[in-house]
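The values are calculated or read from the model by the stated rules, or taken from the named source; none is laboratory data. None of the values given here were measured: they were computed from a predicted structure. Positions of Cβ are backbone-derived with ideal geometry, glycine not excepted, and every protein chain shown enters the neighbour counts.
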Amino acid sequence: MTRMTTRRSLLAASTLAFGLTALPALAQDWPTAPVHLFVGFPAGSSPDTIARLVAEPLAEALGQPVVVENKPGAGGVIGVQQMLAQKGDGHSIGITINGPLTTAPRLIPELGYDPQADIAPVGLIATSPLVLAVSADFAAQDAAAFVADASARPGEISYGSVGQGSGAHLTAELFAGEAGVELYHIPYKSYAEVTTAILGGEIDAGFMAPSGALPHVEAGTMKMLGITSATPFAQVPDVPVLAGQAGLPDDFRAELWNAMIAPAGTDAAVIERLNGELQTILADPEIQQKLLAIGWQVQPGAPADLADRIAADTEMWGAVIDKTEAQQ
Amino acid sequence: MTTLEGLAHGLSVALQPSILIYSLFGALLGTFVGVLPGIGAMAAITLLLPITYYISSEAALVMLAGVYYGAQYGGSVASILLRLPGTPQSAVTTLDGYPLAQQGRAGVALFTAMISSFAGSLLGIAILVLMAGWLASIATQFGAADYAAMMVMGLVAASTIGSRQPAKSLAMVVVGLILGTVGTDVNSGAPRFTFGQTQLLDGINLVALAMGLFGVAEVIANIRKADRHGPPNRVGLRELIPARDDLRRICAPILRGTTLGGFFGALPGTGSTISSFLSYALERRVSRRPQKFGHGAVEGIAGPESANNSAAITAFVPTLTLGIPGDPIMALMLGALVIHGIQPGPMMLEARPDMFWGLVVSFGIGNLFLLILNLPLIGIWVSMLRIPFRWLYPAIIVFICLGVYSVRGASFDIVMVAAVGAIGYALALAAFSPALLLLGFVLGPLIETNLRRALLVSRGDPMIFLERPIACGFVIATLALILLPLARRIRQGRG
Amino acid sequence: MQRDYHDLLWGGILALFGLGVAGYAAQSYDFGDLRRMGPGFFPVILGLILAVLGIVIAIPAWWRQAQPEPIAWREGVAVLAALLFFGFSMTRLGIAPATFVAVLIASSVAARRGLVWRLMLAVVVTALTWAIFLGALDMPIPLFPWSR
């Protein structure tokens, strides 16, 4: 008897839940419920910090709580998948790094989504270049000397990355391809391991975040030979850009980025509203300062700019992946 | 700044009332959260991290450090009382802690864990203060070949601790190693044994594995048994406090454990897992009553507990002096610093001496708080065992689910707990050792990646394991561990 | 007394599992060679070692006598059902209904019969869960189906 009642009330409860969540949100009074912001990285990581920095002013502007949901795993892919799984409720958005939108379809066989068809870009948030770091004992003093050294002994200079297909790996391969040299890849699990390996002399070089290399440069144990952004980066203004030197083309650029996204099919007015709030938030000097302190430069822009960025990066990294797969 | 000046400076930072309160708060919170099954230091810090955005950097770090130690001790409480370890280190504590609790000596087990943790932490702090520079330089000298050789030694040394049948112990280690290969292969990027599940790309969740193997298996086995036996008898104060005999037994293990932990903890990676298992194996080997291990030997708690707490302190060495976090918990701590605009690294001792020394001193104070808070709590924890198991276990099941979910917000992991729990129960029926499975699981991926990386570094030359002095030392130690007992057996056979 | 069926059975299972792992890995992943190991190298070797160990465990068990432990089937099924129910329903129904029902499922195999104490226990555990995980730890999980 009691078991029956339990089951029936459960049934009633779940229909109620379904009825509520299936209602499409009307753009003019959106949001009508707390907004869930999915992040594919654990608390304390830089995408998480960015999400929390954005979530607070966003909640104020929207008049609804913004709940950061950490769904870490598979290089950020799980966060995107989880956001898409909540599609029906109209209140789930996400913050992600570039990987899940650009290289993931090539690297993860059962991705379960198509970045072009299933994701509605909201806007870029911030970008971060990588620096080419070597141990202080390494002979080359600049990128040109590094490339000259590398072409003199092909395949002998080793570099560390944070895994096959990671940003650090692909950036290094892009660099090597454009400069016409051959480098020796040794994958690690984290930037911490790569840094230790450079300091200990296990590997020669590595592409890493400026903020990761900076303390060791200050301590005199590491050197930064160049940076992958198009213009010098505010955190390390003295490091020369790689573009245009050492045989690299003038438009050489490889950056990591964080962006806000929503599931495809989200009302265009909602996307516009979110992008508008995002622009206001990113214009705040305090936010800019806080982001720069953790190595990220704000990058305002329209949803269409993000769509262009996704398309361009997908093509660029796709070509690099083709090359590395051919090597294997 | 000399060490003494630094310590004095650190005292002035750490003794500020607000810092003291955060330290106390962290230790208390950590203990209570850590007692919940599955919520270890990692999840506890993750859950509390958002709070730290709103307080000063010293307060934030001191509180998180308190949570870290508190959660570690809380994990030992759950392991001793209910056999619910969330980490491989606390899995070692269950080996003798849980049998003691079953014999009605939970108070002694908790007291031993408490006092060993405290002693391990204090001695760990001494190591940190006196040898931070040396340990940091050792940590950067360790290459892939050295790690691979060290982990293999750890595995060999520890793989005899579980069962009387060596084949069964080894089989569990190998199953652990196999489960450890699930997920993306670092070297090639190929997904292994994931069967299309993106949730498996980062491997099986360690907490889910531990909770299934230990917690769920134990609950299933105990539902019938516990109600037959009834709750343990009321214990008097005399049973709470260890006999002089016990106290004498734990001194040497604490010293040995602290030394092991202090050294291995400073190496980025799984220093505290290795040192816990090594300490247990060492204590059993030097003990005059090895047959008592696994059936409630206090030395089996004292050694590993002091080892993992001293390792927890020296784990801060690479984090603070190099800015290189050794494990995910340290990465979180580092993240908390960076959010406050502090970049730990080789320059931190010069740039922010207040931070460094304040932290060192507050480690000590935090651990003292932990001791003061928890000694009186031992009685309360023990009385928890008087709650009838039928009231306890449904709550344990729900808490396990939420604890596992808290790690990375994946319902998938709860399904994993159920699957592992079923297998764990069946393994327990045949007296296989789940602790060894966990050890293999944790060390396996590290051995594999470091071995393969070492061969990449040497361009395929296996001599790298003999040419590097550190690696060669571990290889010799490993051979000695295997050959010496064999030689002894042969000699005994002749005699 | 009977044969040591636990070891016999487990030895067999582990041997088969090892062979399965080795076979699957050999088929699906590149083995590489000693100098440059592929993703299949470790799983294949480990699988084969496990297969041998399984046989070493199983064979002596045939001649050894042991009293098999009774298997707690009902308890096992109830505990696993409670776990699975909770896992599937916590984000869909919210943790209040999920906890309440999971406790009722789990306690159904307790030695003491009766419904009243189980309902009371379910209420208490639900309240505790709410207080600890939502109140104190502020985990982002819905409490009820409508409270997302």
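Quick look at the values:
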item: Selection status of B:Ala431, of a type in the set (A, V, I, L, M, F, W, C) and at positive phi; result: yes
item: Cβ-Cβ under 9 Å pairs, at least 6 apart or on other chains, region C:6-35 side touching a residue at least 12 places away in the same chain (Cβ under 8 Å), far side among the acidic types (Asp, Glu); result: C:His6/C:Glu69; C:Tyr29/B:Asp185
item: Hits in region A:312-328 - residues which are away from chain B (no Cβ under 14 Å), of a type in the set (A, V, I, L, M) and either touching a strand residue (DSSP E or B) at 6+ places or on another chain (Cβ under 7 Å) or in contact (Cβ under 8 Å) with a residue 12 or more places away in the chain (or both); result: A:Met316
item: Wholly enclosed helices (runs of 4 or more DSSP H) of region A:102-220 bearing at least 3 residues within 17 Å of the chain's Cα centre (by Cα) and not basic (Lys, Arg); result: A:104-107, A:167-179, A:210-218
item: Conditions (1) out of contact with any Leu (no Cβ under 7 Å at 6 or more places or on another chain); (2) modelled with pLDDT under 90; number of the one not met by B:Pro253; result: (2)
item: Pair list, Cβ under 6 Å, 6 or more apart: region B:415-436 residue within 8 Å of another protein chain (Cβ to nearest Cβ), other residue assigned to a helix (DSSP H, G or I) and surrounded by fewer than 19 Cβ atoms within 10 Å (Cβ to Cβ); result: B:Ala418/C:Leu84
item: Residue that is surrounded by the most Cβ atoms within 10 Å (Cβ to Cβ), among those in region B:405-426 that are of a type in the set (A, V, I, L, M, F, W, C), modelled with pLDDT of 90 or more and under 23 Å from the mean Cα position of the chain (by Cα); result: B:Val417
item: Complete set of residues in region C:49-65 that are more than 8 Å from chain B (Cβ to nearest Cβ) and either of a type in the set (Val, Ile, Thr) or surrounded by fewer than 16 Cβ atoms within 10 Å (Cβ to Cβ) (or both); result: C:Val52, C:Ile55, C:Ile59, C:Pro60, C:Trp62, C:Trp63, C:Arg64, C:Gln65
item: Enumeration of residues in region A:65-77 that are farther than 13 Å from A:Pro115 by Cα and facing another protein chain (nearest Cβ under 7 Å); result: A:Val67, A:Glu69, A:Asn70, A:Lys71, A:Pro72, A:Gly73, A:Ala74
item: Residue ID - farthest from B:Pro394 (Cα to Cα), chosen from residues in region C:107-131 that are touching a Lys or Arg at 6+ places or on another chain (Cβ under 9 Å), at the interface with chain B (Cβ under 8 Å from one of its Cβ atoms) and part of a helix (DSSP H, G or I); result: C:Leu121
item: Counted residues, region C:66-81 - those being of a type in the set (A, V, I, L, M), buried (at least 16 other Cβ atoms within 10 Å of the Cβ) and within 13 Å of the chain's Cα centre (by Cα); result: 4
item: Scan of region B:150-203 for residues that are facing another protein chain (nearest Cβ under 8 Å) and among the aliphatic types (A, V, I, L, M), ordered by number; result: B:Ala167, B:Leu170, B:Ala171, B:Val174, B:Val175, B:Leu177, B:Ile178, B:Val186, B:Ala190, B:Leu201
item: Looking only at region A:282-310, and only at residues there that are in a helix (DSSP H, G or I) and in contact with a helix residue (DSSP H, G or I) (Cβ under 8 Å, 6 or more places away or on another chain), the one that is nearest to the other protein chains (Cβ to nearest Cβ); result: A:Ala293
item: Selection count, region A:146-179, where residues are of a type in the set (Ser, Thr, Tyr) and more than 9 Å from chain B (Cβ to nearest Cβ); result: 4
item: Residue that is surrounded by the most Cβ atoms within 10 Å (Cβ to Cβ) [pool: residues in region C:105-121 that are β-branched (Val, Ile, Thr) and touching a helix residue (DSSP H, G or I) at 6+ places or on another chain (Cβ under 9 Å)]; result: C:Ile105
item: One residue from C:Phe100, C:Phe85 being without any contact (Cβ under 8 Å) to a residue 24 or more places away in the chain and either surrounded by 15 or more Cβ atoms within 10 Å (Cβ to Cβ) or in contact with a strand residue (DSSP E or B) (Cβ under 9 Å, 6 or more places away or on another chain) (or both); result: C:Phe85
item: Any helices (runs of 4 or more DSSP H) falling wholly within region B:336-411 and containing at least 1 residues that are out of contact with any helix residue (DSSP H, G or I) (no Cβ under 8 Å at 6 or more places or on another chain) and away from every other protein chain (no Cβ under 14 Å); result: B:353-384
item: Tally of residues being more than 7 Å from chain A (Cβ to nearest Cβ), hydrophobic (A, V, I, L, M, F, W, C) and buried (at least 24 other Cβ atoms within 10 Å of the Cβ) across region B:321-332; result: 2
item: Index of the failed condition, A:Ile95 passing every other in (1) touching a strand residue (DSSP E or B) at 6+ places or on another chain (Cβ under 6 Å); (2) within 13 Å of chain B (Cβ to nearest Cβ); result: (2)
item: Single condition B:Ile80 does not satisfy, out of (1) hydrophobic (A, V, I, L, M, F, W, C); (2) at pLDDT below 90; (3) under 23 Å from B:Phe441 (Cα atoms); result: (2)
item: Test set (1) over 21 Å from B:Gly326 (Cα atoms); (2) assigned to a loop (DSSP other than H, G, I, E, B) - B:Leu177 fails condition number; result: (2)
item: First in region B:1-18 and surrounded by 13 or more Cβ atoms within 10 Å (Cβ to Cβ), second anywhere and outside any helix (DSSP H, G or I), Cβ under 9 Å, 6 or more apart; result: B:His9/B:Met1
item: Scope region A:270-296; condition modelled with pLDDT of 90 or more and either among the small types (Gly, Ala, Ser) or not assigned by TED's automatic domain parsing to the domain that holds A:Gln116 (or both); matching residues; result: A:Gly276, A:Ala283
item: In region B:442-470, the residues that are outside any loop (DSSP other than H, G, I, E, B) and either more than 15 Å from B:Met150 (Cα to Cα) or more than 12 Å from every other protein chain (Cβ to nearest Cβ) (or both); result: B:Val442, B:Leu443, B:Leu455, B:Leu456, B:Val457, B:Phe465, B:Leu466, B:Glu467, B:Pro469
item: Count of residues meeting criterion [within 16 Å of B:Ser23 (Cβ to Cβ) and of a type in the set (Ser, Thr, Tyr)] in region B:65-85; result: 3
item: Elements of type helices (runs of 4 or more DSSP H) contained in region B:7-94, each with 2 or more residues being farther than 18 Å from C:Phe133 by Cα; result: B:17-35, B:57-82
item: Selected residue (criterion: farthest from the other protein chains (Cβ to nearest Cβ)) from residues of region A:78-92 that are assigned to a helix (DSSP H, G or I) and surrounded by fewer than 24 Cβ atoms within 10 Å (Cβ to Cβ); result: A:Lys87
